[in-house]
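> Take this structure first; my questions come after.
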Amino acid sequence: MIQVKNLTKLYGSHIAVDDISFKVKKGHIYGLLGPNGAGKSTTMNMITGYISPTIGSITINGHDLGTKTLEAKKCIGYLPENPPLYQDMYVKEYLEFVAKLKKTDKSKRNEEITDIMKKTGLTDVSGRLIKNLSKGYKQRVGIAQALLGDPEIVILDEPTVGLDPEQIIEIRSLIKSLKKKHTVILSSHILSEISAVCDDVLMIAHGKVVAMDTTENILKMNKGGQQITITVKGQASKAEEVLKKLKCLDSYKLVSEKNGQATFELEAKDSKKDVREEISFALSDARILIIEMNVSKASLEDVYLDLLQESREAEETELEECDAKESVPGEETEVKESEESKNDDDASEDDKENNETEGEE
């Protein structure tokens, strides 16, 4: 659907996007993540054709965005962070206006608008002025205009920003339904939203892609071990004797001991391996009854923060190496200048000796 190759965007000497490449498959919902200034919006603006890359190419459905711009743009529906709405228009009137701009089929235009209003929950407000709508309904109108023309790709930039919890749930449900007919790229700062809605995650930091995989595989990248909370019957000291011998555990901590029960927090060495069976058998062999065992899975936020930290460390290392390389030529110059100075002194001594010799003669 979308192929991005060696995409770079420069603003003067500032590198907003730094040589990124990735592919977007058909029928998936992609989550675009990154801190402020990471290059998310710049990347989305380049994919939509709003701005041009400094270097690199973008192919949409086989159409090169640089040479076949119109054909490529027809494949995309775009909702910016601030929806481009004309506040003094009625909802249906606005959608008719957008449909004309997109040059949709006249014979099917009314049917398409009616269908999209139904899909986005706008039928009951079709005759209302946009300026009188709530924030949630305005977002729906923004999504509706992006869907006009039946584009294969729908790009949504912060679609739930400023919405209340009920509206967020409604918009999320709407976005999930879109993947039946569309490929969706969703940019959001709300990590729980990406985790709940998206099939794949693309993380950008400092203008570079730091991770791209399915949401499930991204969650497995958590560096921390598996977190387990366990409650056993009996004395804590007896359970501790068993837990400290388990090689699958990185650490354990007694949380509470009361009413003949002890609760521990355990951390497994391997975040990908299920160690519950090993723990259960070890405690059973010691005739210790397990009352409760819970495993807390890594969140997208944990992985996100780990990857950002790695990116910062890599960037700092790269800067240090650059500084070190730049300092070497300076040292060589000093040595060279010192040698030249010495040579000048030697030459002066030779001239002095030659002058004295000539004087004697």
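The values are calculated or read from the model by the stated rules, or taken from the named source; none is laboratory data. What you see is a predicted model, and the numbers here were worked out from it, not measured in a lab. Neighbour counts run over all protein chains shown; Cβ positions are idealised from the backbone, glycine included.
> I need the full set of residues from the range 2-35 which are under 18 Å from Ala72 (Cα atoms) and assigned to a loop (DSSP other than H, G, I, E, B), in order please.
Once the filter is applied, which keeps residues that are under 18 Å from Ala72 (Cα atoms) and assigned to a loop (DSSP other than H, G, I, E, B), the range 2-35 yields Lys25, Lys26, Gly27.
> Separate question: Please go through the range 244-257 and pick out each residue that is closer than 19 Å to Lys273 by Cβ and in contact with a helix residue (DSSP H, G or I) (Cβ under 8 Å, 6 or more places away or on another chain).
Lys245, Leu246, Cys248, Leu249, Tyr252
> Across the range 120-149, what is the total count of residues that are surrounded by fewer than 17 Cβ atoms within 10 Å (Cβ to Cβ) and either under 27 Å from the mean Cα position of the chain (by Cα) or charged (D, E, K, R) (or both)?
Counting residues in the range 120-149 that are surrounded by fewer than 17 Cβ atoms within 10 Å (Cβ to Cβ) and either under 27 Å from the mean Cα position of the chain (by Cα) or charged (D, E, K, R) (or both) gives 4.
> Could you tell me whether Phe264 is of a type in the set (A, V, I, L, M, F, W, C) and either at pLDDT 95 or above or surrounded by fewer than 17 Cβ atoms within 10 Å (Cβ to Cβ) (or both)?
no
> Would you pick out the residues in the range 231-240 that are touching a Leu at 6+ places or on another chain (Cβ under 8 Å) and either of a type outside the set (A, V, I, L, M) or over 12 Å from Glu257 (Cα atoms) (or both)?
Residues satisfying the conditions are Lys233, Gly234, Glu240.
> Could you please let me know if Ile155 is touching a residue at least 40 places away in the same chain (Cβ under 8 Å), surrounded by 17 or more Cβ atoms within 10 Å (Cβ to Cβ) and not in a helix (DSSP H, G or I)?
Judged against the criteria, Ile155 is a match.
> Kindly provide the set of residues from the range 236-261 that are over 32 Å from the mean Cα position of the chain (by Cα) and surrounded by fewer than 14 Cβ atoms within 10 Å (Cβ to Cβ), ordered by number.
If the condition is that a residue be over 32 Å from the mean Cα position of the chain (by Cα) and surrounded by fewer than 14 Cβ atoms within 10 Å (Cβ to Cβ), then Ser237, Glu241, Lys244, Lys245, Lys247, Lys253, Val255, Ser256, Lys258, Asn259, Gly260 are the ones that fit.
> Looking only at helices (runs of 4 or more DSSP H) that fall completely inside the range 185-277, which ones have 1 or more residues that are farther than 30 Å from Asp19 by Cβ and touching a residue at least 60 places away in the same chain (Cβ under 8 Å)?
By residue number, 191-197.
> Next question. Suppose we filter Thr104, Thr67, Thr114 for residues that are in a helix (DSSP H, G or I) and of a type in the set (S, T, N, Q); which single one remains?
Unique residue meeting the criteria: Thr114.
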